Amino acid sequence: MIGMRLGGIDPSILRELSGVYTPFVKAFKELISNAYDADAETVRVDFTPDFSSVTVTDDGHGMTPFEFRTDFARIGGGSRRWAGDRTRKDRLRIGSKGIGFLALARYCDRLRVDSGAERSFEVQAEIPEGGNSFDLLSFLGVPIPIELLQDRVTCQLRRGNRKLEEDKDYTWNKKHTRLTLDRVTETVNVKVRVDCKGLRFSSQLDFERLLHLADNADLEKLDDFATIEVTKVEGACPTGTTITADRLKQFVRRELKAERRKGFVRNISSRSGLEQFNWQLSRCTPVRYATPAENPNPAVSKLLTLPTQSTLAHLEVTHGETSTSLCRPVYPLASGVAVVPPDMLVKVEIDEGGLKVEGFIAGFESIIFPAEYRGLSIRVRGVSIGDPGFLGADNLLTGVSKAALSQITGEIVVLSGLDAVDTLNPGRESFYEESEQYKILRKHLIGDGEKVRGSLGLAIDAVIRRSSVRSGLADVIGRAALRRRALDDVSAGVSYLIARGDKTAELLRKMVKAKHSHVNGLASAKPIEVPLPPRIGGLSVIQSKDLSEATEIDYVKAQIRVDMSRQEWLWSFVLFDRQFQVILKKGDPDQPIAEADLKESKIYVNWGHPIKMQMDERGFLRTALAWVVAREAAGKEPDHMMDLALRLLSFNMQGDG
Ligand SMILES: Nc1ncnc2c1ncn2[C@@H]1O[C@H](COP(=O)(O)OP(=O)(O)OP(=O)(O)O)[C@@H](O)[C@H]1O
Ligand SMILES: [Mg+2]
């Protein structure tokens with residue numbers, strides 16, 4: 001191998017640039033992005049058993065040795081940067097800055113690149129005024145054996161519009177590496193073309209040395225950090241590129257080697273190092289979406305069916321015996337995930353100012369685990385920009401709205417826009433806040449005021465609405481059940497006391513047979529409607545009968561149906577062998593707590609009685625009924641009455657007092 005001179009590198013910024021790619025996986029993804037840009041379909045990633053090195057092999061269009069020098073091993077270099085945004089396969093190119101090769105500089109000592117391409121390399125040169133020769137080898141900058149170059153090169157020389165002729169205007173030296181011509185009075189343009197059929201190269205970049213030189217700003221020695229060897233392949237030349245990151249740093253190896261944490265696996269950080277690497281890589285490389293055999297959320301898949309997004313066909317990561325084919329995970333498409341109901345699924349569609357975005361935001365009724373699925377993931381050219389988040393909305397929110405964020409996930413796919421050099425930070429991990437298109441995106445996703453609106457606002461509202469409906473409804477049903485328990489308690493207490501056959505039993509027995517009526521005020525007081533609010537969490541409540549569930553919630557129609565034919569809503573109860581109807585009345589505070597109409601088998605309860613303020617509904621209802629039963633049965637014998645009331649109140653049917 002021979003040292004190769006590399007142009008365009010300013011050592012003082014090398015370390016700075018290599019530092020924008022953290023952690024390791026975010027640097028590593030640059031190799032995958034480059035393979036994608038080279039129109040690869042299949043990319044293989046192979047770790048050695050001890051994680052000391054990793055090799056990426058792609059089936060893309062490769063590089064000629066000369067492209068390698070001008071495009072790869074050079075910062076911000078390469079004329080193709082002005083040649084458009086699309087690859088030969090019409091993919092939107094991920095890379096644009098020309099610094100990707102530096103990404104791994106901090107994570108390994110050496111990078112080896114093996115590649116080749118069956119095409120010609122074309123480049124323009126100039127022989128300036130006053131010059132009289134042109135040295136092809138030093139111009140190409142790649143040390144290549146002369147015999148490999150000789151028959152492959154053609155040069156076309158022009159001065160202004162005039163084509164210069166060999167032997168008349170210029171001559172080649174014997175080795176065909178150097179042109180000589182008369183002293184140039186007007187610039188001569190040289191078009192160099194090298195046929196690279198059958199050529200492959202192997203190059204080694206010594207990062208350790210590069211960063212060391214960079215630290216010392218030792219410009220003179222910079223050309224020593226890369227070596228290259230160009231060889232000729234007989235027969236069919238293999239296509240594609242193989243890049244090996246060799247001698248991975250100890251801390252990288254340690255991370256990759258880390259074992260799964262024992263016990264309950266709550267989120268990605270408890271998985272093994274390699275599993276974490278694969279997970280992260282699947283989110284920041286252009287791979288297709290993972291869809292389970294049994295898709296719980298076809299509506300979500302539909303929103304992610306984006307024909308314009310090209311992806312790699314295969315990205316395979318191998319380590320020893322284990323091999324994983326990476327797909328991009330999306331929470332609602334993971335197996336076993338709850339169905340996202342229509343009111344919790346917000347479709348995102350933006351077409352403004354050159355920005356085209358599609359995707360979804362989904363809310364869930366419980367907190368999303370694992371945690372790394374929470375938040376909106378923004379995908380530009382198939383690659384996530386940073387980790388999922390809320391574009392700063394989390395800082396604007398407090399209380400329940402903020403809490404709701406942990407129940408929200410989303411996939412925001414940028415179809416065009418937001419990919420300009422001045423929109424994305426180097427490393428493509430975040431957006432420049434001042435980018436106009438980023439502002440448009442933010443406005444649509446989270447609004448542009450102090451309050452969070454936009455699609456995220458809708459999702460938050462949906463999550464909050466569901467949780468307030470759930471808790472509101474649980475409260476209403478719970479209270480109905482408690483009231484029912486009060487009736488059952490009194491009913492059981494009376495049966496129990498009658499069974500004892502004593503004096504109290506006799507009084508009670510007499511009472512349930514009685515047909516007199518003692519009511520004077522409560523009967524005519526205003527009745528209380530069934531204690532059911534007209535709306536819960538903004539949904540209207542409708543009384544229903546014979547439903548299959550106690551309640552049915554329809555968030556789309558904004559309705560809750562409550563099955564009022566169920567036990568907990570019935571107000572009749574039995575005293576020994578006689579059925580009574582309990583009727584709630586809005587009585588005055590100084591009216592009795594309850595009155596019984598033994599003729600009509602009705603018991604009126606004064607819902608406006610001050611004692612009600614002191615206890616819950618179950619306690620109050622029980623008190624009122626015990627009091628009225630005791631009064632009707634033993635009103636003329638105060639001792640018995642007190643005793644009976646207390647016994648009924650303390651009677652313990654279910655062991656909970
Ligand atoms: N696997 C590959 N196959 C073919 N060409 C490649 C490959 N990897 C790199 N290259 C060439 O090297 C060039 C430099 O890659 P590099 O990642 O440094 O910059 P970039 O991809 O152009 O921009 P960015 O810094 O934004 O990633 C690429 O533009 C491409 O021409
Ligand atoms: Mg790149």
When Lys526 is run through (1) surrounded by 15 or more Cβ atoms within 10 Å (Cβ to Cβ); (2) modelled with pLDDT of 90 or more, the failure sits at (1)
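Return the residues of region 69-87 that are part of a loop (DSSP other than H, G, I, E, B) and at pLDDT 85 or above; say none if nothing qualifies.
Step one: of region 69-87, the residues part of a loop (DSSP other than H, G, I, E, B) are 73-78, 83-85, 87.
Within region 69-87, Thr87 is the sole residue that qualifies.
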Residues being outside any loop (DSSP other than H, G, I, E, B) and more than 16 Å from ligand 2 (Cβ to nearest atom): count how many of those fall in region 46-68. 7
Out of Gly478, Gly501, which single residue is modelled with pLDDT under 95, out of contact with any Asp or Glu (no Cβ under 7 Å at 6 or more places or on another chain) and not in a helix (DSSP H, G or I)? Gly501
Of all residues in region 583-630 being among the polar types (S, T, N, Q) and in contact (Cβ under 8 Å) with a residue 40 or more places away in the chain, the one that is surrounded by the fewest Cβ atoms within 10 Å (Cβ to Cβ): Gln591
Can you list the helices (runs of 4 or more DSSP H) found entirely within region 390-450 that contain at least 1 residues being of a type in the set (Phe, Trp, Tyr)? 436-446
If Ser601 passes every condition in (1) of a type in the set (Ser, Thr, Tyr); (2) more than 16 Å from Met511 (Cα to Cα); (3) over 58 Å from the mean Cα position of the chain (by Cα) but one, which one does it miss? (2)
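Confirm whether Ala492 is under 30 Å from Val628 (Cβ atoms), free of Cβ contacts under 8 Å to residues at least 24 places away in the same chain, crowded, with 16+ Cβ neighbours inside 10 Å and of a type outside the set (Phe, Trp, Tyr).
Numbers: under 30 Å from Val628 (Cβ atoms): yes; free of Cβ contacts under 8 Å to residues at least 24 places away in the same chain: no; crowded, with 16+ Cβ neighbours inside 10 Å: yes; of a type outside the set (Phe, Trp, Tyr): yes.
When the stated conditions are applied, Ala492 does not pass them.
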Within region 558-577, which residues are among the charged types (D, E, K, R) and surrounded by fewer than 14 Cβ atoms within 10 Å (Cβ to Cβ)? Asp577
Check whether at least one residue in region 467-484 is at positive phi and out of contact with any strand residue (DSSP E or B) (no Cβ under 7 Å at 6 or more places or on another chain), and report yes or no. no
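Out of the residues in region 21-45 meeting the condition of being in a loop (DSSP other than H, G, I, E, B) and buried (at least 24 other Cβ atoms within 10 Å of the Cβ), tell me which one is nearest to ligand 1 (Cβ to nearest atom). Steps first, answer last, please.
Restricting attention to region 21-45, the residues satisfying the condition of being in a loop (DSSP other than H, G, I, E, B) are 21-23, 38-41.
Those still in the list that are buried (at least 24 other Cβ atoms within 10 Å of the Cβ) too: 21, 38, 40.
Working: Tyr21: 10, Ala38: 3, Ala40: 7 Å.
This residue is Ala38.
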Which members of region 96-112 meet the condition of being among the aromatic types (Phe, Trp, Tyr) and within 8 Å of ligand 2 (Cβ to nearest atom)? Phe101
Can you confirm whether region 437-453 contains a residue that is at pLDDT below 95 and among the small types (Gly, Ala, Ser)? yes
Does Gly141 qualify as being within 19 Å of Ser202 (Cβ to Cβ), out of contact with any strand residue (DSSP E or B) (no Cβ under 8 Å at 6 or more places or on another chain), in contact (Cβ under 8 Å) with a residue 12 or more places away in the chain and not basic (Lys, Arg)? yes
For residues that are of a type in the set (Asp, Glu) and in a helix (DSSP H, G or I), scanning just region 237-282, find the one that is farthest from the chain's Cα centre (by Cα). Glu255
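Take the residues of region 15-45 that are charged (D, E, K, R) and touching a Phe, Trp or Tyr at 6+ places or on another chain (Cβ under 9 Å): which is nearest to ligand 2 (Cβ to nearest atom)? Let's see the steps before the verdict.
The first filter runs over region 15-45 and keeps only residues charged (D, E, K, R), leaving 15-16, 26, 29-30, 37, 39, 41, 44.
Adding the requirement that they be touching a Phe, Trp or Tyr at 6+ places or on another chain (Cβ under 9 Å) leaves 29-30.
Values: Lys29: 10, Glu30: 5 Å.
Filtering first and then ranking leaves Glu30.
Residue-wise test of (1) basic (Lys, Arg); (2) away from ligand 2 (no atom under 16 Å from the Cβ).
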residue: Ile94; (1), (2): no, no
residue: Asp114; (1), (2): no, yes
residue: Gln124; (1), (2): no, yes
residue: Leu137; (1), (2): no, yes
residue: Ile144; (1), (2): no, yes
residue: Arg159; (1), (2): yes, yes
residue: Glu165; (1), (2): no, yes
residue: Thr171; (1), (2): no, yes
Take the conditions surrounded by 14 or more Cβ atoms within 10 Å (Cβ to Cβ), touching a strand residue (DSSP E or B) at 6+ places or on another chain (Cβ under 8 Å) and assigned to a helix (DSSP H, G or I) and apply them to Leu456. Does it pass? yes
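Residue-wise test of (1) in the same structural domain as Ser33 (by TED's automatic domain parsing); (2) more than 14 Å from the chain's Cα centre (by Cα); (3) under 20 Å from His444 (Cα atoms).
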residue: Leu326; (1), (2), (3): no, yes, no
residue: Gly353; (1), (2), (3): no, yes, yes
residue: Leu391; (1), (2), (3): no, no, yes
residue: Ala404; (1), (2), (3): no, yes, yes
Out of all the residues in region 284-301, which are in a loop (DSSP other than H, G, I, E, B) and more than 13 Å from Phe360 (Cα to Cα)? Cys284, Thr285, Pro286, Val287, Arg288, Ala290, Thr291, Pro292, Ala293, Glu294, Asn295, Pro296
List the residue pairs whose Cβ atoms are under 6 Å apart, where the first residue sits in region 237-253 and is within 12 Å of ligand 1 (Cβ to nearest atom), the second is among the aliphatic types (A, V, I, L, M), and the two are 6 or more positions apart or on different chains. Ile243/Leu31; Ile243/Val56; Ile243/Val113
Assess whether Gly100 counts as being of a type in the set (Gly, Ala, Ser) and either loosely packed, with under 15 Cβ neighbours inside 10 Å or not assigned by TED's automatic domain parsing to the domain that holds Thr244 (or both). no
Single residue of region 370-395 satisfying the filter (touching a Lys or Arg at 6+ places or on another chain (Cβ under 8 Å) and of a type in the set (S, T, N, Q)) that is modelled with the highest pLDDT: Ser377
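Considering region 163-191 alone, what residues qualify as being assigned to a loop (DSSP other than H, G, I, E, B), of a type in the set (D, E, K, R) and in contact (Cβ under 8 Å) with a residue 40 or more places away in the chain? Working first, answer last.
So in region 163-191, the residues assigned to a loop (DSSP other than H, G, I, E, B) come out as 164-165, 167-169, 173-177, 182-187.
Narrowing further to those that are of a type in the set (D, E, K, R): 165, 167-169, 174-175, 182-183, 186.
Result: Asp182, Arg183, Glu186.
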Residues (buried (at least 21 other Cβ atoms within 10 Å of the Cβ) and either among the hydroxyl-bearing types (Ser, Thr, Tyr) or more than 7 Å from ligand 1 (Cβ to nearest atom) (or both)) located in region 57-67: Thr64, Pro65, Phe66
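The values are calculated or read from the model by the stated rules, or taken from the named source; none is laboratory data. Here the structure is a predicted model, which is why all the values come from computation and not from measurement. Please note: Cβ atoms are built from the backbone with ideal geometry, for glycine as well, and neighbour counts cover all protein chains shown.
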